[in-house]
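Structure, as structure tokens:
Derivation of every value follows stated rules applied to the coordinates shown; laboratory data play no part. None of these values were measured; they are calculated from a predicted model. Glycine gets a Cβ as well: all are built from the backbone with ideal geometry, and neighbour counts include every protein chain shown.
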Amino acid sequence: MLLTGETWNPSNLVDIETLTEQRKKYLKSNLKSDIGQLLSIGLTIEDLKDFIQQNAKTIPV
């Protein structure tokens, strides 16, 4: 990395050092927290479901 001139970025290690199952667990935890925040500002589960259904094809995978 240093010989090629590439800059070191700690976020690059996520793909190398984090197991897929750990990443899924982390993402699920974040999603649960995010949904809680959206509900706390007045959105409903129905609002969230509608949003996901309307945007499912445009959300990057």
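Below, the figures for the structure above:
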| read-out | value |
| --- | --- |
| Residue-by-residue Karplus 3J(HN,Hα) for region 23-35, coefficients 6.51, -1.76, 1.60, Hz, glycine and proline x | 5, 4, 4, 4, 5, 5, 5, 5, 5, 4, 5, 4, 4 |
| Distance (nanometres) between label positions extended 7 Å along Cα→Cβ at PHE51 and THR4 | 3.8 |
| Modelled FRET efficiency - R0 25 Å, LEU43 with THR20, Cβ distances, 0.05 increments | 0.25 |
